[in-house]
Structures are given as structure tokens and as C-alpha cells.
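The values are calculated or read from the model by the stated rules, or taken from the named source; none is laboratory data. These numbers come from a predicted model, not from an experiment. FYI the Cβ positions are ideal-geometry reconstructions off the backbone, even for glycines, and counts take in every protein chain you see. In case anyone asks, the SASA skips ligands and DNA or RNA and just uses the protein heavy atoms, side chains included. Shrake-Rupley method; radii C 1.70, N 1.55, O 1.52, S 1.80 Å.
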Amino acid sequence: MQIGVYGSGYLGTLVSACLADFGTPVICCHPDSSRMVAMAQGNVPFFEKNLNEVIKRNVRAGRLAYSTDMEAFARRARVIFLAEDSPEHLADHVLRIARLAPKPPVLSLVTPVSVGTASGIERRLTEAGLKATLVSQPVFFTPGCAVEDFNWPDRIILGTGSNEAVLAIKQIFHPLVMRGVPVIVTNHETAELIRESATAFVATKISFINELSNLCERVNADAVSLSLALGLDKKIAPRCLQPGAAMGGLFAESDMDSLAELAREKGVSLKVLSAAREVNHSLADRLVEKISGMVDSVQNKDVGILGLAFKPNTNSVAGSSSVRLAQGLIAKGARVRAYDPVAIPEARLELNGTVNYCESAYAAAEGVDALVVGTGWPEFRALDFDRIKHLLKRPIIVDTKNLLDSVRLRAMGFEYAGVGRG
């Protein structure tokens, strides 16, 4: 079966590469010729763990091709995944493909959309006298482990009334279906709501453990042990129950914005979601207060930040607590130095010229009043902390991800502060 993927951004790049890795021929199409040429050469415009290798492997094998010819693309592909990062022109793409296709295509809507989008597009198809079978197929990727998430999903959601479309997509995802990944078939609106609700639920879970971590600091309890104990309860599970990990990511804010707007339109109050978002956004302010307390005010102080990506193994800074922390410190009069293995170009766009970017963790630590671990890159565990101690103006480390060995660092003479830890 010939599969098409429309999109040249994060989702289109990821979906096309991973589908080709199943062994099925895939054409990724977009009118941006420079982007298509770059992708075919393996030049991915963002960092995502293992994705470059997947693309190169499948291009070499002839399973993954890139094209700007929309007409040929629509004629050849039996199933097309619409995987743009933004839904702005989604309906126009659907109508164009439906006009060009020799027979009604199956169009899977992977692009994040608000509730009611697919039904609205179906009405536009009917008004235009066109035919296509739409499937609402939300995906659940976390930047930094998106390839793994694609290959080991918790479930596959298909919002459609067409049994033929369900069978076609099950055939494409045969390796996952045979492995026992549950397939949930429902209507468009439910499928669309599942994505936004999942994001909101994770935000609530993260916000809850971060509120408890604040309590832990007041009563001499340990939030890491607390989260482990809670996570071992099968009703709760450990994923996304780590103190210090503020909710972030490419689509997280837009998902929650869309869900909150839908609730407002329908006259429904989502108080838990509102509270979770408030806690999520206030985490950076709380960390600024913590750092300020340790250095006797951050006004005219130098602070080094290790990590700007919102999580390890990605260059995305969307919703990054490290970026919000840098902004909060600067607003309080601090001078900020920062290092990240891959996210500095993206961070420059968010922080403009307010931060001094460094080429290494040691350069970020040189001469600062406090060093902050902002992203949980594993390489930060392996730093030479004896060298770090001599570089710092004061041996203060604030570990916002509870990444480091607090016992060892304190034994070395550091003033160490984690999140939710005594």
C-alpha cells in the first residue's frame, strides 16, 4: 500500500519516517522544495533522538521519498496522513487532495485540532460536492522520545464511522496491532477530545506532585521518595509524577488552550484544569524565590543555567520551565549565563539578547553565584563537580530536576537544593 504524509514540520517528518520504518513505501509531500531536498539528504531542522538515523535508513532503502508534486502525491497514495504542526490550512489541504485523487481517499488527521474540526471539514466536502473518508487520529508524542512513543504507543485512537478506513489504518499499523496495542474506534469529537484531555490530565498530575513537593520542603519530607511511593500505586503510575518537571512541549499549551476555550464556549467550568495550569506556570516563580533566598537576592547576581530545552533529547524550548526561569531571574535583576547541548538556537528566539550563551557547562558555571540544573540532560550527572566547585563564586547548586546526587554534592561542600527535598 502506498502511504502519503503531508507536512514538513515536526509531525510530518516524524510520522513519515516512522511509518516507512514499518517497511511500507511512504511519500512525504510539501510545497517547500528546499525543505524537501534537505530532508531527503537527512538534514532535519530540529533535534529529535534517533530520528535522523530512521530517515537516512529508510531513504537509503527506498521506502521514504520526498516530493513537492501534490497532484502525483494525491493520485498515488491510498491513505494520506495530514500531519502539519498547525491546523490553519487543514481544510484547504483536504479539499485539494479530494479534488486531485482519482477516487475518494482515506485522510487521517494527525494534525492537532480542536473539537469539531473533522465534522466541520466533512461539511465543507459535502458543500463542495467532494468525497473523502476522514479519520481523526490524535497522536501522543513527547519531544525527546517521539520515535519510541511512535513505536511503543499506549493506544491507537481512530475517530471515524468507516469500517473500511479502520481496516486500512490497522493494516498500516500492523506491527503495533499484532503486538497487542489497543485500537479504540470512536467518533470524531471523542477522538479530538481525547488528545486535549490527555494533555490536561498530565498537566494536572505534574502540577499536583509539584504542589506536594512544596509541602515536602516545609515538613522535611522527600518529594522523590513520595513520588516513587505514589507511582507504585497501580491506580496512579510513575510516569509524569516527578517533582520539578513542569509541563511543556510543542503542543501542550495549545491543547490546554483549546480545551479551556471549548469549555468556555459550552458554559462548562474546568476548575481543576485552571488550577493545574496556574501551578504549572508558577513553578518558575517559586524557583526564582528559592535561588534568591540562597544567594541573598538575585539582584546584580550571576546565575548559570544548565539546560534550556523543555526536556532532554530535544531542542524544543516550547513551554520550557528553564526559559521561564531565565526570564524570571532577569526580571529580578540577575545576569544569566546558560548552556544546552542542542537547544541554544531555539532559546535565542525566545530570550532575544538577554542571556549570555556558553559553549560548555563549565563556561556557564564560571564565576556565577549559583548554578541551576534546568533540564535533566544525563550528561550533567557526569560533570567534574570538583572543577565546577572551583569555577563557582559560591558553591551553590539548585537542581530543579532532582537529577544529581545530593548526598555526594553536600559531602563535597556544595550548598545543594533540589525540588521538594530537605
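Quick notes
- Under 14 Å, Cβ to Cβ, from ALA309 - net charge with Lys/Arg +1 and Asp/Glu -1: 0
- The chain, relative contact order [Cα under 8 Å, separation at least 6], %: 12
- Placing +1 on the Cβ of every Lys and Arg and -1 on the Cβ of every Asp and Glu, with no other charges, gives segment 112-260 a dipole of roughly 400 debye about its Cα centre.
- Pairs beyond 27 Å (Cα-Cα), from LYS49/LYS235; LYS205/LYS311; LYS311/LYS389; LYS103/LYS266; LYS234/LYS311: LYS49/LYS235; LYS103/LYS266
- With protein chains left intact and a 1.4 Å probe, residues in segment 278-422 average 40 Å² of accessible area per residue.
- Element breakdown for the chain at a 1.4 angstrom probe: carbon and sulfur atoms account for 52% of the accessible area.
- Among residues other than VAL59 with Cβ under 15 Å from its Cβ, the summed charge is +3 (Lys and Arg +1, Asp and Glu -1).
- For segment 42-103, the solvent-accessible area of protein heavy atoms averages 53 Å² per residue (probe radius 1.4 Å; ligands and nucleic acids excluded).
- Calculated from backbone phi, Karplus (6.51, -1.76, 1.60) coupling profile of segment 173-184 in Hz, x at Gly/Pro: 8, 3, x, 7, 4, 5, 6, x, 5, x, 10, 9
- Between helix 117-127 and the chain: long-axis angle, C-alpha atoms, 0 to 90°, nearest 10: 20
- Positive-end extreme of charge dipole, the chain - chosen from ALA65, LEU262, GLY367 (charges on Cβ): ALA65
- With Cα atoms, 0 to 90° folded angle of helix 321-331 axis to the chain main axis: 50
- Net charge dipole, the chain: roughly 640 debye, given to the nearest 20, about the Cα centre with Cβ charges of +1 for Lys and Arg and -1 for Asp and Glu.
- Test item: Cα-centred dipole of segment 322-416, Lys/Arg +1 and Asp/Glu -1 on Cβ, debye: 300
- Computed per residue of the chain from DSSP H runs no shorter than four, each worth -39500 (n - 2.57), the mean residue ellipticity at 222 nm is -14000 deg cm²/dmol.
- 12 Å Cα-Cα reach of LYS56 towards aspartates and glutamates, excluding residues that sit fewer than 8 places from it in its own chain: ASP21
- Within-15-Å neighbourhood charge of GLY231 [Cβ basis; K, R +1; D, E -1]: +2
- Bridging of LYS290 to aspartates and glutamates at a Cα separation below 13 Å is possible for GLU217, ASP399, GLU415, once same-chain residues fewer than 8 apart are set aside.
- Folded to 0 to 90 degrees: helix 252-265 orientation relative to the chain principal axis, Cα: 70
- Since only MET412, THR117, VAL181 are under comparison, the one whose Cα sits farthest along the positive direction of the charge dipole of the chain, derived from C-beta charges on Lys, Arg, Asp and Glu, is VAL181.
- Computed over segment 1-101, relative contact order equals 39 percent, with contacts defined as Cα pairs under 8 Å that lie 6+ residues apart.
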